[in-house]
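See below for the structure under consideration.
The values are calculated or read from the model by the stated rules, or taken from the named source; none is laboratory data. Small disclaimer: the values here were computed from a predicted structure and weren't measured. Please note: Cβ atoms are built from the backbone with ideal geometry, for glycine as well, and neighbour counts cover all protein chains shown. Quick note on the areas: whole protein, heavy atoms, side chains included, nothing else; ligands and nucleic acids left out. Shrake-Rupley method; radii C 1.70, N 1.55, O 1.52, S 1.80 Å.
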Amino acid sequence: MTSILIVDDDRSLCESFKGKLSQSGYDVTCAHTLSDGLDLAAGAFIDLVLLDVRMPDGNGLDYIPRFRDTHCAPEIIIMTGNDEPDGAALAIEKDAWDYIPKNGSINDIVLSVTRALDYRRKKNSAAEKKIVLKRKNIIGDSFEFNECLDLVARASSSASNVMILGETGTGKELFARAIHENSDRANKAFVIVDCASVPENLFESILFGHTKGAFTSAEKTTTGLVEQADGGTLFLDEISELKLAHQKVLLRTLQERTYKPIGSVKERKSDFRLVAATNRELADLIETGNFRQDLLFRLQTVTIKLPPLNQRSGDVKKLTHHYLEKICGDNDIPVKGYSPEFMECLEKYHWPGNVRELVQSIEQAIVIAGDSQVLYPIHLPKYLRADLAKKSLECADPAPPVSDQSDKLPSFKEYKTFALDKAEKVYLTDLLAETNYNIKDAAGLSGLSQPRLYALLKKHDLPTKE
């Protein structure tokens, strides 16, 4: 039986919707907090979630990815008592099926539910033969990431233009290559144009080529990148960096699939497939007159928006395992292990540089660790550890409880003791990792006597052996 979960703190409304939907033959369950709703979605097979926006323990819009990331990946319909256009737009951006006001007609809500479930049935029955993607170096299995891979599979089976959006370091070029390598053009060229580094006065020559003598330094006829991509894929990386004049030239080439080498009087054809990428918001550039809207329409037949690493739940560990093996293998050294604290640091950090920054951090940790076969937080870049330390103190309670009255300010002595204990434990943990748990070396490095060091380790319940 089709299962629906209603997540709303209005109990009477839940019962009303439950009664109406049950009459239509659905199995309906209700939850009155977001956390209870997530627990139910994780423990049962749910086809659709009716999700309220304003909940006692958070905003329903923020929980859309978390519900979608449960094993049943339900469709989501957002409900709200307030008609908020911005919220509606955000819900659609986060892949909700629909956004409906709770004070609307119950029949409208049932209609939206029916359409969403009909779509889900067709999608599941079309559980078309799953395409096994070639995805070299594309690591991750989070829901957000798998949605992007699904779009790669769909785009690969067509010749449509593709726009890949994403922050620096999210893997835009890897996805562009995957589209090419999974298409029927895989045996032809994959040609990269780095739009940010092409000299302005050489753009047309590089893209379209030139004939001998076309200009002063043209000593021989040169083939342009558009011609090299004939039958294959032309990848325009950081397309937002193109000047307006070059955008106009590119637009015509995309429309006609023709080009004219500099110095030639004849136009030539090139059957290339275009994939473009940018880390910038093209809509903002259009607003300021720095990007052509008609070109954007041409480019984004299919749009793939890569999520930043901090939104890919669970993928940090998979990426770490992959790159530990790869980097150690490339350097012909045994694969290193890691302490639980090392992985905890990686999973807590916000990764503004995304996968690229993670890979660089792992590589640095391997180098700094030297002969140690286990990686510890101290092997990570100092800026990363400093950022985590700062955030942990910002989030921590400023002082320990000193009485049953939680709002009572502790004495300076109590606060100082609490802060020093915390600092001591952090220092000792790093000291053990730095000296490979060698107590003699740790005592020498810290300036503590061995008995004093043992006493501190016992106080903080820290191990004396690796």
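Could you give me the residue pairs with C-beta distances under 6 Å whose first residue belongs to region 432-457 and is touching a residue at least 40 places away in the same chain (Cβ under 8 Å), whose second residue is assigned to a helix (DSSP H, G or I) wherever it lies, and which are 6+ apart or on separate chains?
ALA433/ILE378; GLU434/ILE378
What number of residues within region 340-365 are in contact (Cβ under 8 Å) with a residue 40 or more places away in the chain and open to solvent by less than 10 Å² (accessible area, probe 1.4 Å)?
4
Only one of (1) over 28 Å from PRO463 (Cα atoms); (2) assigned to a helix (DSSP H, G or I) is not met by ILE304, so which one is it?
Going through the list (1) over 28 Å from PRO463 (Cα atoms); (2) assigned to a helix (DSSP H, G or I), ILE304 breaks only (2).
Under 6 Å between Cβ atoms, at least 6 apart or on separate chains: pull out the pairs that start in region 224-244 with a residue that is over 19 Å from HIS180 (Cβ atoms) and end on any residue that is assigned to a loop (DSSP other than H, G, I, E, B).
SER240/ARG280; GLU241/CYS195; GLU241/ALA196; LEU242/CYS195
If you take the residues in region 136-152 that are more than 26 Å from SER240 (Cβ to Cβ), in a loop (DSSP other than H, G, I, E, B) and open to solvent by 40 Å² or more (accessible area, probe 1.4 Å), which one is modelled with the highest pLDDT? Even if it seems obvious, please write down each step before you answer.
We begin by selecting, within region 136-152, every residue more than 26 Å from SER240 (Cβ to Cβ); these are 136, 139, 141-143, 146.
Keeping just the survivors that are in a loop (DSSP other than H, G, I, E, B) gives 136, 139, 141-142.
Going one step further and asking which of them are open to solvent by 40 Å² or more (accessible area, probe 1.4 Å), we end up with 136, 141.
Details: LYS136: 83, ASP141: 86.
Among those that are more than 26 Å from SER240 (Cβ to Cβ), in a loop (DSSP other than H, G, I, E, B) and open to solvent by 40 Å² or more (accessible area, probe 1.4 Å), it is ASP141.
Of the conditions (1) at pLDDT 90 or above; (2) out of contact with any Pro (no Cβ under 8 Å at 6 or more places or on another chain); (3) crowded, with 16+ Cβ neighbours inside 10 Å, THR170 satisfies every one except a single condition; which number is it?
Single failed check for THR170: (2).
Does region 7-26 include one or more residues that are closer than 26 Å to SER142 by Cα, at pLDDT 85 or above and over 26 Å from the mean Cα position of the chain (by Cα)? So that I can check it myself, show each step before the final result.
Our first condition is that a residue be closer than 26 Å to SER142 by Cα; within region 7-26, this holds for 7.
Within this subset, residues satisfying the condition of being at pLDDT 85 or above are 7.
After this cut, where a residue has to be over 26 Å from the mean Cα position of the chain (by Cα) as well, the list is 7.
Scanning region 7-26, I find at least one residue that is closer than 26 Å to SER142 by Cα, at pLDDT 85 or above and over 26 Å from the mean Cα position of the chain (by Cα), so the answer is yes.
Considering only residues that are small (Gly, Ala, Ser) and touching a residue at least 24 places away in the same chain (Cβ under 8 Å), which ones fall in region 245-288? Show your work before the answer.
Residues of region 245-288 that are small (Gly, Ala, Ser), as a first pass: 245, 263-264, 270, 276-277, 283.
Across region 245-288, the qualifying residues are GLY263, SER264, SER270, ALA276, ALA277.
Could you grab the pairs with beta carbons closer than 7 Å, sequence gap of 6+ or different chains, first residue in region 293-304 and more than 7 Å from MET163 (Cα to Cα), second one hydroxyl-bearing (Ser, Thr, Tyr)?
Note: pairs meeting the criteria are THR301/SER160.
With the checklist (1) touching a strand residue (DSSP E or B) at 6+ places or on another chain (Cβ under 8 Å); (2) more than 25 Å from ALA153 (Cβ to Cβ); (3) surrounded by 19 or more Cβ atoms within 10 Å (Cβ to Cβ) in hand, flag the one item LEU306 doesn't pass.
Among (1) touching a strand residue (DSSP E or B) at 6+ places or on another chain (Cβ under 8 Å); (2) more than 25 Å from ALA153 (Cβ to Cβ); (3) surrounded by 19 or more Cβ atoms within 10 Å (Cβ to Cβ), the lone unmet condition for LEU306 is (2).
Tell me whether region 329-336 contains one or more residues that are under 13 Å from LEU358 (Cα atoms) and of a type outside the set (Lys, Arg).
Narrowing region 329-336 to residues under 13 Å from LEU358 (Cα atoms): none.
Checked against the condition, which is being under 13 Å from LEU358 (Cα atoms) and of a type outside the set (Lys, Arg), region 329-336 yields no hits at all.
Among the residues that make up region 266-284, is at least one of them surrounded by fewer than 17 Cβ atoms within 10 Å (Cβ to Cβ), in a helix (DSSP H, G or I) and not charged (D, E, K, R)?
Yes, there is a match, as at least one residue in region 266-284 is surrounded by fewer than 17 Cβ atoms within 10 Å (Cβ to Cβ), in a helix (DSSP H, G or I) and not charged (D, E, K, R).
Give the residue that is surrounded by the most Cβ atoms within 10 Å (Cβ to Cβ), with candidates limited to residues of region 433-443 that are over 34 Å from the mean Cα position of the chain (by Cα) and among the hydrophobic types (A, V, I, L, M, F, W, C). If you could, list the steps in order and put the result at the bottom.
In the first step, residues of region 433-443 are kept if they are over 34 Å from the mean Cα position of the chain (by Cα); the result is 435-443.
In the following step, the residues that additionally are among the hydrophobic types (A, V, I, L, M, F, W, C) were identified as 439, 442-443.
Numbers: ILE439: 15, ALA442: 21, ALA443: 18.
Applying the filter and picking the extreme gives ALA442.
For LYS458, indicate whether it is over 24 Å from LYS382 (Cβ atoms), modelled with pLDDT under 85 and assigned to a loop (DSSP other than H, G, I, E, B). Lay out the reasoning, then the answer.
On the way: over 24 Å from LYS382 (Cβ atoms): yes; modelled with pLDDT under 85: yes; assigned to a loop (DSSP other than H, G, I, E, B): no.
Answer is no for this residue.
Can you find a residue in region 366-374 that is open to solvent by 20 Å² or more (accessible area, probe 1.4 Å) and assigned to a helix (DSSP H, G or I)? Walk me through how you get there before you give the answer.
Keep residues of region 366-374 that are open to solvent by 20 Å² or more (accessible area, probe 1.4 Å), which gives 367-368, 370-371, 373-374.
Then keep just the ones that are assigned to a helix (DSSP H, G or I); that gives 367-368.
There is at least one residue in region 366-374 that is open to solvent by 20 Å² or more (accessible area, probe 1.4 Å) and assigned to a helix (DSSP H, G or I).
Hey, any hits in region 153-162 for a residue that's touching a Lys or Arg at 6+ places or on another chain (Cβ under 9 Å), open to solvent by 70 Å² or more (accessible area, probe 1.4 Å) and modelled with pLDDT under 95?
Among the residues of region 153-162, not one is touching a Lys or Arg at 6+ places or on another chain (Cβ under 9 Å), open to solvent by 70 Å² or more (accessible area, probe 1.4 Å) and modelled with pLDDT under 95, which makes the answer no.
Based on this model, can you work out whether ALA116 counts as surrounded by 15 or more Cβ atoms within 10 Å (Cβ to Cβ), in contact with a strand residue (DSSP E or B) (Cβ under 9 Å, 6 or more places away or on another chain), at pLDDT below 75 and among the hydrophobic types (A, V, I, L, M, F, W, C)? Don't jump to the end; show me each part of the working.
Working: surrounded by 15 or more Cβ atoms within 10 Å (Cβ to Cβ): yes; in contact with a strand residue (DSSP E or B) (Cβ under 9 Å, 6 or more places away or on another chain): yes; at pLDDT below 75: no; among the hydrophobic types (A, V, I, L, M, F, W, C): yes.
No; evaluated as a whole, the condition is false for this residue.
Do we find a residue being in a helix (DSSP H, G or I) and free of Cβ contacts under 8 Å to residues at least 40 places away in the same chain anywhere in region 312-321?
Step one: filter region 312-321 for residues in a helix (DSSP H, G or I), giving 315-321.
Add one more test, that the residue is free of Cβ contacts under 8 Å to residues at least 40 places away in the same chain, and what stays is 317, 321.
Yes, the conditions are met somewhere in region 312-321.
If we scan region 78-93, do we find a residue that is closer than 25 Å to ASP118 by Cβ, open to solvent by less than 10 Å² (accessible area, probe 1.4 Å), in a strand (DSSP E or B) and not hydroxyl-bearing (Ser, Thr, Tyr)?
Yes: region 78-93 contains one or more residues that are closer than 25 Å to ASP118 by Cβ, open to solvent by less than 10 Å² (accessible area, probe 1.4 Å), in a strand (DSSP E or B) and not hydroxyl-bearing (Ser, Thr, Tyr).
Looking at region 11-42, which of the residues that are closer than 21 Å to PRO101 by Cα and small (Gly, Ala, Ser) is surrounded by the most Cβ atoms within 10 Å (Cβ to Cβ)?
GLY37
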